[in-house]
Structure formats: C-alpha cells, structure tokens
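One structure is given here, and the rest of the page talks about it.
The values are calculated or read from the model by the stated rules, or taken from the named source; none is laboratory data. Here the structure is a predicted model, which means the values were calculated and not measured. Glycine also receives a Cβ, built like all others from the backbone with ideal geometry; neighbour counts cover every protein chain displayed. Accessible surface is based on the protein model in full, side chains and every heavy atom, while ligands, DNA and RNA are left aside. Shrake-Rupley method; radii C 1.70, N 1.55, O 1.52, S 1.80 Å.
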Amino acid sequence: MFESTVLFAATLIFLGSFVQTAIGFGLAIVAAPLLFQLSPQYVPAPICLVALVISLINAFKLRSNVSIGGLKSAIIGRVPGSLLGGYLLTVVSGATLSLWLGAMVLIAVGISALPYRLKPTPRRMLVAGFLSGVMGTSSSIGGPPMALLMQHEEAAKLRGNLSAFFVITSIMSLVILYFYGHFTIEHIQITLPLLPAAILGYWLANKVVGNLSQSVVRIFALLLCLASGLTAIYQGLSGF
C-alpha cells in the first residue's frame, strides 16, 4: 500500500514538473488536488520543496532571460502575502480557504480574457506577488496570479522570470510553514522519493519545450488557471 501511494504521488509530481518546466508554472495546480486526497501531508510543504528544486534548475538554465529588477515589487508583495497565507492555515477551514482561492483565480482568468491587455506595472506586480504569497503558502498553488499578469511575455522570458520568482518565494513559504509547524523532517522524508520523478519531468519537458509558441503557452496557462480555480471551488464545496 505504501509503495503504491508513493508511486502515484511520484506520477503526479512527474506530470506537474513537466508542465511547470514547459510553461513556467503549474506543478502545484496539476499535483496538489490529488496529492491532498492521497495524503494531506503532501500539501503544501512537499510541493513547495519540489517546486524549489525544479525552479532552481529552470532559473539557472534560463538565467539570461531573468530580470530580477522587474520582479522586485512582486517579491516585496510576496512577504506579507506569505505571512497571511501561513496565518490562514491556522484559523480558516480548508474548505473556506479553497473556495476563496478558487474564486480569486477565476476572477483573474476572467479579467485576462477581456480584450485589453494588463501590463505588469510595479503596482500590479506588488498585488500579484501578495496574492501569490497568500495562495502559495496556504495551498502551494501560487503560480496563477503571477502567470496571469505576465502571460503576454515572450515564452522563454515568462518561464525564466517565473522560475526565479518561485526560487525566492518557495524559500519564503517553507520558512513561514516551518514556524507555523507545517514543515517538519517528516515532510522532507516524504518529499525525497518524489525528486527523481520531478527531474524526469523536467528532462522530458526540455525535449519538447522548444516547439511551444508564445500563443500556445498563453492559452495553456489560461486553461491551467481556469482548471485550478474550478478545482479549488469544487474541493471547497465538497468540504462543507
């Protein structure tokens, strides 16, 4: 039973790592909902750990496309957002939190579908970073706010900047989760068997990522965010 659980978890991580490497985010969106059903211990700390490893590799590979200066506002916003996300884990039920996060993502997708284009200004990056912190620390799904704001960037630049952002913010989330008691040695132990699957997903994605155009990446990102929002709402309603 234990081995089948680990195998299923590794398969989900493989798929999530493939998607994250291909478009810049998505590991938690793909893996977190089913991993949570498999064992609540997998969310959020182990997914944050896997995301940190994959983001480090991707950020290094795409370092020429990274603009840390452009991410500064988002990183600043992520700090209070992460603190709030950690606090919400201790005071708000999982169902309520899931409903709220899902609604926020769907609103953002709706705005993105409007005919005008949102530019990633410093103020908007600050807000996106804050929302990413709340969502990422409380549920491990912190990609949608940043991805929606940056969706019109060139594909390699989008993947590189999101990877650099997630390196910094995954560390933030893990530190905060540790102080709230949601990141322990047990979380590290159940994460280690998942890392080979994550690396395999990264490797395979790099074999095909060069064939993805900017428009395909944008459409895929929007669909993934839509799926994320709907899944969160479904899980929230199921919890009541």
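Summary table
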| read-out | value |
| --- | --- |
| C-alpha center-to-center spacing [segment 160-220, segment 43-73] in angstrom | 7 Å |
| Ratio Rg/Rh [Cα only; Rh per Kirkwood] for segment 171-240 | 1.09 |
| Sum of -39500 (n - 2.57) over DSSP H runs of 4+, divided by residues of the chain (222 nm, nearest 500) | -26500 deg cm²/dmol |
| Trypsin sites (Lys or Arg not before Pro) within segment 99-183: DSSP coil, no more than 15 neighbouring Cβ in 10 Å | 117 |
| Accessible surface, segment 1-124, averaged per residue in Å² (probe 1.4 Å) | 49 Å² |
| Segment 38-80 - percent of accessible surface contributed by carbon and sulfur, probe 1.4 Å | 68 percent |
| Charged-residue dipole, Cβ positions (Lys, Arg, Asp, Glu), the chain about Cα centre, Debye nearest 20 | 800 debye |
| Isotropically averaged projected area of segment 107-174, using the convex hull of Cα atoms (one quarter of hull area), nm² | 4.6 nm² |
| Candidate lysines for bridging to residue 72, where Cα separation is under 28 Å - those fewer than 8 sequence places away on the same chain excluded | 61, 119, 157 |
| Options (i) 0.92; (ii) 0.98; (iii) 1.50 - which one matches Cα Rg over 2.2 N^0.38 Å as calculated here | (i) |
| The chain: relative contact order as a whole-number percent, Cα under 8 Å and 6+ apart | 38 percent |
| Part-to-part distance (alpha-carbon centres) for segment 109-152 and segment 10-31, which is given in Å | 18 Å |
